[in-house]
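Have a look at the structure below before the remarks.
Values in this text are rule-based calculations from the coordinates and carry no lab data. Predicted model, so just to flag it, every value in this text is computed and none were measured. Cβ: placed from backbone, ideal geometry, glycine included. Neighbour counts: every protein chain shown.
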Amino acid sequence: MKLKGVVILIIALTSFACRNLSSKPTEFVFPEIDTIPVSEAQKLSPEAIADISKNISSPVEIANMLLNLDIPFSQSYLATSVDPNKLSTNFDKAIKLGILGADLGYLNMYEKTGSSLDVLSSIRKLAEDIKVGQFFDFESIKRLSKNKSNLDSLLFISIDSYTKIDNYLRENDRGQLSALMIIGVWIEGQYLATQVVSKVPNKMLMDRVGEQKIILNDLIFLLVPYCNHDSEYSSLCKNLQEIKDKYHDIRITFTQGDPVSVEKDGGLTVTQTETSVVEMSKEQLDGIIEITKNIRNRLVINN
Amino acid sequence: MKKHLITLSLLLTISLLSFGQGKDELRSSCVMSAGANAKFLKDFVIQLGSDAVQNDFRYKANIALWKNTKYRFNLCSATDSKGQLILNVKDDGNKVILSSFDKKSGKTYPYIDFICQKSGMYQLSYDFTNGQQGSGVGVVSMVK
């Protein structure tokens, strides 16, 4: 019993290794334990799982970066092949709910709100199918999209709807669907970034793709308890491990420095002088682009 | 004694219910206070009782922040809060990289802009000044 407790503690500590170090890390490394035993991951508290799911980056961050880099919008990156009427399993519905959520973020960010109505309808259908439609504020989002009014309100209501769905699923013992939704969001965001970077080799964007190594283990951690659920789950677990393998030799190092604070207009502006540096070869990046495309397309096409 | 306990319970329930009703309004107004050039990312609803002996900020959340991004952290306190909502952000080395509260002067800032140069996991810690009772909303957004 004691040994079990120690194992759980070690896993928890290694999983959160990048968060609570007392000495300053100079390089990001994956936790020592490469694969987390299913039986142990299942014992992690709901709070720990909630914490992980909340800190996965928002899909609008990638879209915002593309917008700031003046990358033109492209309809071809969207998962237009998804037909919510053709999906039979909750696995398919939940992961596509995530994928379309990322697409909605992309459309909203570029203010392509007319095009977002089709995506919205699909999202509503999927949400209703997995009995979380009550949390998706379809009418408000549709109204804000049509009016092309306040982008911030639109982002707030869209993100808030997804947060409510995620919370509800986790609180009602349907954590597997929450995990799928979050993974769907991440895969689509990663697909968007890698597709753009394959055409526009921008250094900032390349770095952002490489930096995904930082949250990849957390993402895998969400799905681990369900890897033996059925073939769909085990296949996705395998896919994420394949992505992780591609990231294994990418180096992320940190330089040291103290933040600089300036008071301005009643607020405070803090500029960080510490930096993160990504070392990634073209071959490594190509490997990530390729694996992401294959996995995402399989998920989207496999209706 | 029993009478006091009942009154206290009633007061607590009423204050919880009233925050529940005003929570969405506070969230919306806090999101809007981030400004027209801010793009919403996340918000945290914080409700804490009084704890004068606390050594560390009590409400904690982890978040991934990315290099070359300017984040804005807005802090909004409900009108019936005893203290002001304040925030500390720590990096993965447990080092405080920003604080909305200047201990020396006692000054609190309603928002902080953070120009992130190091991608990684960060810990957001919220509390109310002097460990007082309060309810509030912390909003994280991106600004150009």
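Within the set A:Val200, A:Val278, A:Val270, the sole residue that is closer than 23 Å to B:Thr69 by Cβ and surrounded by fewer than 18 Cβ atoms within 10 Å (Cβ to Cβ) turns out to be A:Val200.
Restricting B:Val53, B:Val96, B:Val137, B:Val89 to residues that are of a type in the set (A, V, I, L, M), out of contact with any Gly (no Cβ under 8 Å at 6 or more places or on another chain) and farther than 25 Å from A:Ile252 by Cβ narrows the list to B:Val137.
Which residue is nearest to the other protein chains (Cβ to nearest Cβ), if the candidates are limited to the stretch A:203-247 and must be within 19 Å of A:Gly287 (Cβ to Cβ) and surrounded by fewer than 17 Cβ atoms within 10 Å (Cβ to Cβ)? Only one residue tops the list, namely A:Lys203.
Checked against the criterion of being more than 9 Å from every other protein chain (Cβ to nearest Cβ), in contact with a helix residue (DSSP H, G or I) (Cβ under 7 Å, 6 or more places away or on another chain) and not basic (Lys, Arg), the candidates B:Ser105, B:Ser125, B:Ser135 yield just one match: B:Ser135.
Look through the stretch B:25-62, keep the residues that are within 12 Å of chain A (Cβ to nearest Cβ) and within 22 Å of B:Asp91 (Cβ to Cβ), and return whichever of them is surrounded by the fewest Cβ atoms within 10 Å (Cβ to Cβ).
The residue in question is B:Lys60.
The residue that is surrounded by the most Cβ atoms within 10 Å (Cβ to Cβ), counting only those in the stretch A:136-163 that are outside any helix (DSSP H, G or I) and not charged (D, E, K, R), is A:Phe136.
Selection of first residues in the stretch A:135-159 that are in contact (Cβ under 8 Å) with a residue 24 or more places away in the chain and on the phi > 0 side of the Ramachandran plot and of second residues that are among the β-branched types (Val, Ile, Thr) and buried (at least 19 other Cβ atoms within 10 Å of the Cβ), restricted to Cβ pairs under 9 Å at least 6 apart or on distinct chains, gives the following pairs, ordered by first then second residue: A:Lys148/A:Thr113. Which residue is surrounded by the fewest Cβ atoms within 10 Å (Cβ to Cβ), if the candidates are limited to the stretch A:66-106 and must be within 14 Å of chain B (Cβ to nearest Cβ) and over 15 Å from the mean Cα position of the chain (by Cα)? Among residues in the stretch A:66-106 that are within 14 Å of chain B (Cβ to nearest Cβ) and over 15 Å from the mean Cα position of the chain (by Cα), the one surrounded by the fewest Cβ atoms within 10 Å (Cβ to Cβ) is A:Asp70.
The listed residues are A:Ile99, A:Ile130, A:Ile159, and the only one of them that is in contact with a strand residue (DSSP E or B) (Cβ under 7 Å, 6 or more places away or on another chain) and of a type in the set (A, V, I, L, M) turns out to be A:Ile159. For residues that are small (Gly, Ala, Ser) and assigned to a helix (DSSP H, G or I), tally how many sit in the stretch A:221-270. Of the residues in the stretch A:221-270, 3 are small (Gly, Ala, Ser) and assigned to a helix (DSSP H, G or I).
Yes or no: the stretch B:63-76 includes at least one residue that is crowded, with 19+ Cβ neighbours inside 10 Å and away from chain A (no Cβ under 12 Å). Scanning the stretch B:63-76, I find at least one residue that is crowded, with 19+ Cβ neighbours inside 10 Å and away from chain A (no Cβ under 12 Å), so the answer is yes. Listed here are the strands (runs of 3 or more DSSP E) enclosed by the stretch B:13-131 that have at least 3 residues being within 25 Å of A:Gly105 (Cα to Cα), of a type in the set (A, V, I, L, M) and touching a residue at least 24 places away in the same chain (Cβ under 8 Å): B:38-48, B:59-65.
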